[in-house]
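Below is one structure, written out as structure tokens; the observations come after it.
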Amino acid sequence: MPLSPGDAVRVLMTKWPDRPHSAFTGVYLGADEHGDWVGARAGTRCWRREHFYEQQSDWVTLLPAHGAWCAGFYEPGRPSEIYVDIAAGTVWDDDAVTTIDLDLDVVRNTDGAIRLEDEDDLARHSVLHGYPPELVDAARATAARVEAAVRSRRPPFDGSHEPWLAALRGRMPT
């Protein structure tokens, strides 16, 4: 079923190989050369690690076709401006999309600080959950490429998300 702007989309994150990790329902905004964009407004009910919470800001999620990562872009005023999850694939199934989170994250704060997070989780989980060595190598290589792109503000980490945040607000006013 092809999605149209405004359709509800269930976004699910799992941990390798298929352990539930997080979820929210957003709105399909459309696609561009970077991938598919899904947005959600502040107050959206989210689930993460067995707990529900309400998101404090508007955000858009970019889901590139290659599935090697997915990124959340948040409205100003939040500590994290960009949060990129390194992934092992993205699968669309009608109005739901699932991405496998491989622990590593690249984060850019609103103050410009950029960091790679959770290398210790990748090391621990790769042993505990039996990540194939080539998966670990791919995750590290992807994280290095993404971190370089975020640092140099290459697309889509150059403000490419801003029209999609505007589209979200136009489609779903408060």
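Only the coordinates and a few stated rules stand behind these numbers; no lab work does. Note that the structure is predicted; figures quoted are calculated from it, not measured. All Cβ positions, glycine included, derive from the backbone under ideal geometry; neighbour counts span all protein chains shown.
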Task: Residue-averaged [θ]222 nm for the chain, counting only DSSP H segments that reach four residues, each worth -39500 (n - 2.57) - done: -7000 deg cm²/dmol
Open item on the list: Between L128, L102, L62, where does the largest GNM mean-square fluctuation fall for the chain, given springs only between Cα atoms within less than 10 Å?
Closed with: L128
Task: Approximate spin-label separation D93-R154, in nm, with each point projected 7 Å along Cα-to-Cβ - done: 3.4 nm
- [ ] Under 10 Å from the Cβ of T61, count the other residues' Cβ atoms, weight Lys and Arg +1, Asp and Glu -1, and hand me the total.
- [x] -2
TODO: For the chain, set up a Gaussian network in which alpha carbons nearer than 10 Å are linked by springs, and say which option among T99, T110, T61 fluctuates the most.
DONE: T110
TODO: Please tell me the relative contact order of the chain in percent, rounded to the nearest whole number, where contacts are Cα pairs under 8 Å and at least six residues apart.
DONE: 19 percent
TODO: Could you estimate the translational diffusion coefficient of the chain from the Stokes-Einstein equation, with Rh from the Kirkwood formula over C-alpha pairs, at 25 °C and 0.890 mPa s, in whole µm²/s?
DONE: 150 µm²/s
TODO: Name the residue, out of G67, G26, G130, whose mean-square fluctuation peaks in a Gaussian network model built on the chain with Cα pairs under 10 Å.
DONE: G130
